[in-house]
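No lab work stands behind these numbers, since they all come straight from the coordinates. These figures come from a predicted structure and were not determined experimentally. Neighbour counts are summed over all protein chains in view; Cβ atoms, including those assigned to glycine, are modelled from backbone coordinates with ideal geometry.
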Amino acid sequence: MTIPQKPEAEALRIGMLAGLFNRADAVSWADNLIGELDKPCGELIDLSTSEGMDGSSFAALLSAMPGEADAALTKKILLGRARQKLAASGDLGSVAA
């Protein structure tokens, strides 16, 4: 099952604001999606090449991702990603690192 891009982008944006994820997590997501899609949207390409972009512009790109943000799905994605990051690190203190 392919997860819609907008809820995933919103989960990353909210997670970054909460300190759960960092820019590298979002860039990696964008890079992976670009590799999977025949015609990635401009926002994904901009995220992938956002090296010198300030944080608020980066968050705005995540927010501008096309599609509908379903709050329930966004919450599930956010919690699932946080759980994966915690399981991979084994340490809650390193989740935001």
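Report, to the nearest 10°, how far helix 5-17 tilts away from the longest principal axis of the Cα atoms in the chain, using its own Cα long axis and a range of 0 to 90°. Helix 5-17 sits roughly 50 degrees off the main axis of the chain. Fully extending the segment from Ala88 to Met53, taken as 0.36 nm per residue of separation minus the present Cα-Cα distance, adds 9.8 nm. Computed about its Cα centre, the charge dipole of region 1-72 is approximately 100 debye, with only Lys, Arg, Asp and Glu carrying charge at their Cβ.
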